[in-house]
Every structure is written in C-alpha cells, then in structure tokens.
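Derivation of every value follows stated rules applied to the coordinates shown; laboratory data play no part. A quick note: this is a predicted structure, and the numbers were derived from the prediction, not measured. Every residue, glycine as well, gets a Cβ built from its backbone with ideal geometry; the counts of neighbours run over all protein chains shown.
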Amino acid sequence: MIGATAIIALEAEMVSGALMRTAASLGLSPVFLGVIVLALVGTSADLFAASWFAYRDKIGLAFNICVGSAIQMALVVAPLLVLLSAAMGRPMNLVFHNPLYLFAIASTAFVVNAVARDGETTWFEGLLLVGVYVLFGLSFFFTGPA
C-alpha cells in the first residue's frame, strides 16, 4: 500500500508539472485546468460508476458515490495535505484569495443540499447540477490566475 501511494504521488507530481506547462502553452489559467479538467479526469471512475448506477435506476447509490467522494476530499484529503505540508516545511493554507473560490464551495454545498433535501430526483435537478458545473467552468475560465 505504501509503494502504491508513493507511485501515485510521483504520478501526481508529473501531472501537476504537465498541467503547468499545458496552461502556459494554451494561455489558460492553471486554476481552470485544475478545477475543471483535472477534477473530471481525477474523478472519472466515480463519474462512470455513478452514471452506471443511475442508468440502473439506483439513484441513491449514484448520489452517495458523488457526495461521498466530495466529502472525502473536503474532510480528509485537504486537511491532511495542510498538515503534511507543514511537516515538510512548505506550509499550505486554505485561505482563498479570490472570492470566486469560496463562492464556488459554498454555493455547491447549497445546491447539493437543495437537490438532496426532498429525497427525489428529476431530470431537471440533474440539468441544474450540470448547469452549475458549466457556470463554474466558465467563471474559472474567464478568471485569471490567482
């Protein structure tokens, strides 16, 4: 398990380097590529599994996969990275210098709560969630580097 974690860390470092070079060559913000493109690639297994279960009419399971993945990142991975970065001598914090970042997090939580509250799903709610993602993609695209 430790070996696999080390390999994944090495691959993540290679991806982040490629991401920075790609952003520079395409004239895009690294934030846009990280928040939109890398997030889609990094969670593609979750997205395919959720789509498969939604197609099989197991919406509760599909929703739990998506929300559980986000909760795992917010409650485990992000704080762990902050602690590890401090231990490595390169402290990272969770201070958002652009109000868009904080707005994206807060409004995403609000929209997911609004959709999940009634315990039912409709095609319109799915369209709403995709629309929110597209709007955030556009806002991160037109926002310059942090």
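Could you go through segment 69-92 and let me know if any residue there is in contact with a helix residue (DSSP H, G or I) (Cβ under 8 Å, 6 or more places away or on another chain), over 28 Å from MET14 (Cβ atoms) and touching a residue at least 12 places away in the same chain (Cβ under 8 Å).
no
Condition first: out of contact with any strand residue (DSSP E or B) (no Cβ under 6 Å at 6 or more places or on another chain), within 23 Å of ALA109 (Cβ to Cβ) and charged (D, E, K, R). Can you find one or more residues in segment 27-46 that meet it?
yes
With the condition being more than 13 Å from the chain's Cα centre (by Cα) and more than 24 Å from LEU138 (Cβ to Cβ), I'd like the helices (runs of 4 or more DSSP H) fully within segment 32-115 carrying at least 3 qualifying residues.
44-55, 59-72, 78-87
Can you tell me which residue in segment 117-145 is nearest to LEU26 (Cα to Cα), limited to those that are small (Gly, Ala, Ser) and exposed (fewer than 15 other Cβ atoms within 10 Å of the Cβ)?
Here the answer is GLY144.
Consider only pairs whose beta carbons are under 8 Å apart and that are at least six residues apart or on different chains; among these, list those whose first residue lies in segment 101-120 and is touching a residue at least 60 places away in the same chain (Cβ under 8 Å) and whose second residue is exposed (fewer than 13 other Cβ atoms within 10 Å of the Cβ) and in a helix (DSSP H, G or I).
none
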